[in-house]
């Protein structure tokens with residue numbers, strides 16, 4: 001298949017259907033917001049910082065949701081606001097990566 005302009009209507013429909021199917025698969029089972037520049041700017045403007053993980057190749061994200069939830073729980077117990085964001089780090093295997101943004105609560 002070539003560019004959208006070179007495709008027949010049937011080929012274009014198949015491609016759009018495939019793209020939508022892959023989009024739904026990539027977001028299945030995850031209700032956390034996906035990272036984008038606007039979200040990053042909004043969070044950093046509010047004083048959020050990214051949590052750095054001690055283990056793994058990528059210090060900004062983990063692929064284990066349970067680990068991310070445990071870190072969020074620990075940060076909240078220490079008096080921080082914390083939230084999980086998906087997709088900050090991306091890879092070819094399409095594994096969802098979880099990053100954590102946090103900031104101290106104002107007293």
Output the residue which, of all residues in the range 24-38 that are surrounded by 10 or more Cβ atoms within 10 Å (Cβ to Cβ) and modelled with pLDDT under 85, is nearest to residue 99 (Cα to Cα). 30
Quick check, is residue 21 farther than 27 Å from residue 93 by Cβ and either part of a helix (DSSP H, G or I) or in contact with a strand residue (DSSP E or B) (Cβ under 9 Å, 6 or more places away or on another chain) (or both)? no
So which residues in the range 28-63 are on the phi > 0 side of the Ramachandran plot and touching a residue at least 12 places away in the same chain (Cβ under 8 Å), if there are any at all? 47
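Which residues, counting only those in the range 64-107, are part of a loop (DSSP other than H, G, I, E, B), within 26 Å of residue 25 (Cα to Cα) and without any contact (Cβ under 8 Å) to a residue 12 or more places away in the chain?
90, 91, 92, 93
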If we keep just the residues of the range 53-63 that are at pLDDT 85 or above and more than 20 Å from residue 24 (Cα to Cα), which is surrounded by the fewest Cβ atoms within 10 Å (Cβ to Cβ)? 54
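The values are calculated or read from the model by the stated rules, or taken from the named source; none is laboratory data. Quick caveat, the model's predicted, so the values are computed rather than measured. With ideal geometry, Cβ positions are generated from the backbone for all residues, glycine too; neighbour counts draw on all protein chains shown.
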